[in-house]
Each structure stands twice: as C-alpha cells, then as structure tokens.
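K.L.:
After the structure tokens below, expect a handful of questions from me.
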Amino acid sequence: MADTHYLALYRKYRPLTFEDVRGRDTIVRTLKNQIVSGRIGHSYLFCGTRGTGKTTIAKIFAKAVNCEDPQDGSPCGHCSSCLAIAENANLNVVEMDAASNNGVDDIRNIIDQVSYSPTQGRYRVYIIDEVHMLSTPAFNALLKTLEEPPEYAIFILATTEPNRLPVTILSRCQRYDFGRLAPDVIAGRLREVCDMEKLDAEDKAIRYIASAADGSMRDGLSILDQCNAFNYGQGTLTYEKTLEILGAVDTGVFSRFFRAMHTGDAATALGILSEILREGREIMQFVTDYIWYLRNLMMLNASEKTADMLDVSADNLAQMLEDARLAELSELIRAIRIFSALQEQIRYAANRRILAEIAVIRQCTPVMDGAGAAEDPLEPRAGDPVADALKERIRMLEEKLQSDEQRVSEMIRAGGGGQGFSQTGQGYPQAGQRQAQPAGGAAQQAAPQAPQEPRKAPELPSAIPDDVRRVVNGWSRLLAALPSSYLKSLLQKANLSLGGGGQLLLVFPNRFGADMFNLNEHNRTEFENYLSEKTGKRVPVEYKFLDKGNKFTDNYVDLQDVIRMEIEIED
Ligand SMILES: [Zn+2]
C-alpha cells in the first residue's frame, strides 16, 4: 500500500445519507421522523460496540437538522450547509473525542461555545465520542449544560460502555442502542462495496469475512481491505485464500477433528493437529476457534432451535447439525472443559504442542481424567485397559514436561545463561542495544556482577520499563476485558517482546496481524487508548511481523516467559 492517497474502504464507503446506512432501520426511522415532525431532542446517547454506525449516524443527523432542503428527513447533500459539513468547514458541527480530551477544560471549551447561537443554520451539534472516558469534573460540567441546553444546541454522546456513565447523564438523554450487526447485513454491504470497487470475491469468502467482523461494519470493511491488498493482482478472492490470509482454519477441519475424537481415534486427531501446526497455524488460535466450534455444537445439541443464534453460514450449519447429533451433551461439555483448560495452560507454556496432544488423547478416552475424575459428575467409570495404557502415556509425557521445566529453572538459578534456553539467557536486550548484543554476551557480562550470591532473577530483566512489565503481567486479563473481540483475536496471536527503545513490541506470526494495526489507525488508537485507560499511562507499542521460518526466540525475547520466570523465582 505504497500509494499514500489510498483511502481505506471503511472511510471511502462511509454512508453520507440515512438511505445508505445498513442494518439500522429502527434507529434511522426514529431519527428521520423527528426531523420531519420537527420534534428534535437536545441530548442523544448512542451506545454500542465499535464500528456499528454510531458516529456515522450522528454525522448524518447533524447534517439533516441543518439542511435547508431535507428530503424525507435525510440531508439533501447539496445545499450550502450540507456541503460545508461534508468538507468539515461548518462550525455548527463540533466533534470531540473524549478518549484524548477527557479533562474538565476540554469540556469547558465546548460549553463556552454553546452560549453563542449559530451564525448560520439552525442547530449547533456537539458529537462527543467515547464519552465514558470523561473525568468526573468534566461530566459535572457537561451535566450543567445538558440540564438547560439552549434551543439551538444538540448533544450526541457516543459510547461503547454506557454502564460507565453517571445516571444523571443517562437520564437526560434519548438512548439508542447499536447492537452488533448481523453477518448477513455486513456481507450484503461487503458485496456492494466489492461491486463498486470491481473486486472479484467468492460468496463464501465474503461470508467468512462478515462473520470474522463480529458485528462491526468497520472491521468487515477493514478485513476486506486487507484481504484485497494481499490478493492484489491474483484474481478472485477465494474462501481458501481468505482463510490463509486471516490465518484461520476451515470449519471442515474442526468437524474432522471433532469426529476423530468422538470415535476415540487418537491417531487421526493427532494427525490433524500436526497438519495444522505444519501449516504454520497458531495453536492458540486453533484451540480458541475449536472451543467456539464445540460451543456451537453444544447449543445445537441442547436445542436445534438455537440455529438462528449461531451466526454461521448454511453449509456450516448443516455440517454442525450432523456433528451435534452424533454426540451426547455431556461429551460436548466435557470437551469444552478439556480444551478450555488447555487454552489456559498453553498461554504461558513453552511446550504447547505436547499439552495439546495430551488434551487430544484425554478427549479420545472418556475415562482418563485421573484423580480429577471423581469430582466430575460427567466421568462415570474407570478401569478400562486401553485407557490405562493411554493414562500411562500421559503420565510419562507430563513427567517429561515437568522435568523440562525443572531443568530450565535450574539453568536460570545457575546464572541466567546456558544452552537450550535462549529466551532469557542469551541476548536479553538492554534498552537500545538489543541488535548489537552478541548472543551469549549478556550472560558473560552478568556473571561477575553477582559473584557468589544465589541469584533471585536474571540481572537483565530489570531493564524492562515498569509499564511494559505491568502490561505483560496482566496480558491475559487485559485481553479478556478488551471490548472488541476482533482485536482480541488478533492480539491473542501476538508474542510480547521488548523493543530497542523500551517499547512494548507485539510480534505477529502473520503479516495480516501486524498490518491490522500498522495500517489501521482506528484499531491502533482503540487498542492503545484501552491500554492507557487500564494502566493510567501511555504505553508505547510497536507492531511487527516475524517472517516465516524464524523462530520467535531467535530474534525476540519472549517477555511473558522472562517475567513469569522472575515471578516464579521470587516466590
Ligand atoms: Zn442540505
């Protein structure tokens, strides 16, 4: 995307009239009726997740109330007021992002303006985005104005988290909820955009992108944009290419995986797992997606009437229904438990593959949860010879894992260096010199500094800035609370490392992941604002893609490992 004039699809196709808005019929109708009947309110609250049309509709509404010749409640688009607003040259529309201007002074600036009536046009419209980010004094200042607004003032407050607004504000506003958009609505719009852009894309690809967008039109268009950039000059955007670009796995694979384990065919299930890894897929993503697949089966198994709630395509649904009919509800619940436990374990584990294999084998043999079985009402019996054999195998694998971990800890205690453990020992960067540090150099330097004393932790990690350390420590919790599940799914794939300037370095296994932040300002600001909101600080972040073939530890330090080791040793 070297062309600097390139306009992202979600900007280029942002609706300019109510008629172009998709999937918001009730809200649009209500607002248009208000304009037609002249019963316009003074304060509106638009709630809903990202990319669901809040700001878009706010802007169209702002245009419509000032339009000299509104058409059935929609702005005409060519009167002087409409034109000026379109060029952001109209003083009657004031936009403020509360995420970056959350102080009482920022609000005062706006409120001071409110006292002057507009020189042209009828209304002055204030759009305050992410309004929940305002400080308490700022809310109080805003409340005063909302209580007695001048005739010509309209406030549109937009938020992703209405529960964080004071009741006093909520009670003053007409509230509109922008739920997640249905995949069909998003797919329909993506198809329109493809037609306008002359992009050739399979229906199945479009549907997959629409479901990956998770209810956000903006995400849907961004993903389409990225897929298209990757596929540029290579003909039709197919479903397979889309999966590849997004690093995802075809639902058919989950079905085969599930069926293999259902029939106790460990060899086939392990084969599928190995195939997934060989293709360079992220195991974490695979496990997360598989749990979601199982969850859908569970819903269908409980009642096939839940099919409408699943947001999956007709082909996938038919497949899932077949799978769901195969299994008992208890088997599905047990599978979800096993794989959710695995998801938790592999977050921090060095040997993710072995843990995944254990989960597969465990799932293949219903009687082998060992000591835990007694507590689990879903585990009826024990004593099957085949299970015992497998149990023995797992015991061996678990022991091997444990002894590996022990060796690693011993190595660190012995002085931070040593073969076979490059993450902490070799080349841990002092800020600014990570590239220059020869492998092993750090360990050699560190040794004389702490001569005899048994070391609490490797010397070098003290170079990790505190805020980066806090983010890394709380990473899983931070991700879990991240409102956008789409960003969450991207970030889950990233490894955490430290950049040369002390910044948090997110290393993605696929270019797509890094691009979704580097090329998409919205995603970047949303994530970084969220980080500063949670940590109370601006944490510098860099997003990088790691070329295929390079192992993570060859080029980057795994901060999660480093910090976790420290904590273990301090205990
Ligand atoms: Zn107009």
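The values are calculated or read from the model by the stated rules, or taken from the named source; none is laboratory data. Here the structure is a predicted model, which means the values were calculated and not measured. Because the Cβ atoms are built from the backbone with ideal geometry, glycine has one as well, and the counts that use them run over all protein chains shown.
K.L.:
Quick one: what pairs do we get from the range 76-88, first residue under 20 Å from K32 (Cα atoms) and of a type in the set (V, I, T), second more than 6 Å from the ligand (Cβ to nearest atom) and not in a helix (DSSP H, G or I), C-beta under 6 Å, 6+ apart or different chains?
P.N.:
Every condition considered, the pairs that remain are I85/V93.
K.L.:
Of all residues in the range 505-529, which are more than 18 Å from L221 (Cβ to Cβ), among the aliphatic types (A, V, I, L, M) and part of a helix (DSSP H, G or I)?
P.N.:
A514
K.L.:
Return only the number of the condition from (1) within 22 Å of E19 (Cβ to Cβ); (2) out of contact with any helix residue (DSSP H, G or I) (no Cβ under 9 Å at 6 or more places or on another chain) that V185 does not satisfy.
P.N.:
That leaves (2) as the condition not met.
K.L.:
Now for a different question. Given the criteria more than 12 Å from the ligand (Cβ to nearest atom), in contact with a Leu (Cβ under 8 Å, 6 or more places away or on another chain) and in the same structural domain as L157 (by TED's automatic domain parsing), does T30 qualify? Steps first, please.
P.N.:
On the way: more than 12 Å from the ligand (Cβ to nearest atom): yes; in contact with a Leu (Cβ under 8 Å, 6 or more places away or on another chain): no; in the same structural domain as L157 (by TED's automatic domain parsing): yes.
It is false that T30 is more than 12 Å from the ligand (Cβ to nearest atom), in contact with a Leu (Cβ under 8 Å, 6 or more places away or on another chain) and in the same structural domain as L157 (by TED's automatic domain parsing).
K.L.:
Here's another thing I want to ask about it. Out of everything in the range 39-97 that is assigned to a loop (DSSP other than H, G, I, E, B) and under 25 Å from the mean Cα position of the chain (by Cα), what residue ends up being farthest from the ligand (Cβ to nearest atom)?
P.N.:
T49
K.L.:
Would you pick out the residues in the range 98-127 that are part of a loop (DSSP other than H, G, I, E, B), under 18 Å from T55 (Cβ atoms) and not aliphatic (A, V, I, L, M)?
P.N.:
Of everything in the range 98-127, those that are part of a loop (DSSP other than H, G, I, E, B), under 18 Å from T55 (Cβ atoms) and not aliphatic (A, V, I, L, M) turn out to be S100, N101, N102, Y123.
K.L.:
Another question, then. Please state which one of D315, D323 is modelled with pLDDT under 85 and in a helix (DSSP H, G or I).
P.N.:
Answer to the selection: D315.
K.L.:
I would also like to ask the following. How many of the residues in the range 137-168 are β-branched (V, I, T), surrounded by 14 or more Cβ atoms within 10 Å (Cβ to Cβ) and free of Cβ contacts under 8 Å to residues at least 60 places away in the same chain? Can you show your working first?
P.N.:
We begin by selecting, within the range 137-168, every residue β-branched (V, I, T); these are 145, 154, 156, 159-160, 167-168.
Those still in the list that are surrounded by 14 or more Cβ atoms within 10 Å (Cβ to Cβ) too: 145, 154, 156, 159-160.
In the following step, the residues that additionally are free of Cβ contacts under 8 Å to residues at least 60 places away in the same chain were identified as 145.
Qualifying residue count, the range 137-168: 1.
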